[in-house]
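I have a structure here, written as structure tokens, and I will follow up with some questions on it.
The values are calculated or read from the model by the stated rules, or taken from the named source; none is laboratory data. These numbers were taken from a predicted model, which means no experiment stands behind them. Don't worry about glycine lacking a Cβ; one is built from the backbone with ideal geometry, like all the others, and counts go over all protein chains shown.
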């Protein structure tokens, strides 16, 4: 949603300052604030919202302020407060709340560039002033893009992880059924290719290998807890062909189902 909004606006940088103490950030109409933690962590709260501890970025929306930024009394912290506007002002820009990134070094480099532009670069003509305004605007846009994009990726990863956990739970409960990769992928709402990649990333093995391992573990439990024939156990854990079951069992356990049964009986 934020990307569609960002595509329709231009973020215009106004000011930046670095702070090491607690602060109340005013809420001015049409003025947005981005807080970036440079060192340590801070706690931020606003009207009708529980305090949030964060270590990266936080977007303050003028409709939700003022914001109280608290530095822990027993810790040191430093953060940057960036003020910016968006044009056109009547376009929607609802960015608010914690932001995530894995590019802290890039963000801090760009903040240093903003500070250096303000403090060290002497503007001698309207042309230079316009050039520096454009430069600051581009840096501001880049910072927002990185935060939006990497926050989105983090949320997507979290969503994918939850989906895979649910899929694994289903597989572990229904291992005796005829489960196929396309069926599980469709159930997870993914393409077969995407599901395959996520499954391997989440478990370290392919779906087929994982299902085979689950079925063999369930078969071992049945051998230990019942006196059922090996062929019936094979069917109960999802193997239609006993000879296929016997071959896979030996690969996973190191001996045939019959040898495994005999070993259990000899230990009684």
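All but one of (1) at pLDDT below 85; (2) assigned by TED's automatic domain parsing to the domain that holds residue 99 hold for residue 136; state the number of the condition that does not hold.
Result: residue 136 fails condition (1) only.
Closer than 17 Å to residue 206 by Cα, out of contact with any helix residue (DSSP H, G or I) (no Cβ under 6 Å at 6 or more places or on another chain) and surrounded by fewer than 17 Cβ atoms within 10 Å (Cβ to Cβ): is that true of residue 169 in this structure?
Here the answer is yes, as residue 169 does meet what is asked.
Now, a different point. Kindly provide the set of residues from segment 218-257 that are modelled with pLDDT of 90 or more, loosely packed, with under 12 Cβ neighbours inside 10 Å and more than 23 Å from residue 171 (Cβ to Cβ), ordered by number.
Selection gives 243, 254.
Ok, one more. Return the only residue of 216, 143 being part of a helix (DSSP H, G or I), in contact with a helix residue (DSSP H, G or I) (Cβ under 6 Å, 6 or more places away or on another chain) and in the same structural domain as residue 118 (by TED's automatic domain parsing).
Residue meeting the stated conditions: 143.
Being under 26 Å from the mean Cα position of the chain (by Cα) and either assigned to a loop (DSSP other than H, G, I, E, B) or assigned by TED's automatic domain parsing to the domain that holds residue 57 (or both) is the requirement here; does residue 177 meet it?
no
Tally the residues that are part of a helix (DSSP H, G or I), under 17 Å from residue 215 (Cα atoms) and over 40 Å from the mean Cα position of the chain (by Cα), restricting the search to segment 248-268.
Result for segment 248-268: 4.
Shifting gears a bit: For segment 172-199, enumerate the residues that are touching a residue at least 12 places away in the same chain (Cβ under 8 Å), loosely packed, with under 12 Cβ neighbours inside 10 Å and within 19 Å of residue 212 (Cβ to Cβ).
Within segment 172-199, 177, 178 qualify.
Could you give me the residue pairs with C-beta distances under 6 Å whose first residue belongs to segment 200-213 and is crowded, with 16+ Cβ neighbours inside 10 Å, whose second residue is in a helix (DSSP H, G or I) wherever it lies, and which are 6+ apart or on separate chains?
Listed by first residue and then by second, the contacts come to 202/164; 207/181; 207/199; 210/203; 212/248.
Where residues in segment 61-75 are more than 23 Å from residue 85 (Cβ to Cβ) and modelled with pLDDT of 90 or more, which of them is surrounded by the most Cβ atoms within 10 Å (Cβ to Cβ)?
This residue is 71.
Follow-up question, since we're still on this one. Can you pull out every residue in segment 78-111 that is surrounded by 20 or more Cβ atoms within 10 Å (Cβ to Cβ) and modelled with pLDDT under 90?
Hit for segment 78-111 is 101, nothing else.
Is it true that some residue in segment 123-142 is in contact (Cβ under 8 Å) with a residue 24 or more places away in the chain, under 23 Å from the mean Cα position of the chain (by Cα) and surrounded by 14 or more Cβ atoms within 10 Å (Cβ to Cβ)?
Yes, segment 123-142 has at least one match.
Sticking with this one: I'd like to verify a number: residues in segment 235-247 that are over 17 Å from residue 208 (Cα atoms) and assigned to a loop (DSSP other than H, G, I, E, B), how many?
0
Scanning for something assigned by TED's automatic domain parsing to the domain that holds residue 138, outside any strand (DSSP E or B) and touching a helix residue (DSSP H, G or I) at 6+ places or on another chain (Cβ under 9 Å), does segment 62-76 turn up at least one residue?
no
Separate question: Looking only at segment 32-60, which residues are part of a loop (DSSP other than H, G, I, E, B) and buried (at least 17 other Cβ atoms within 10 Å of the Cβ)?
Across segment 32-60, the qualifying residue is only 56.
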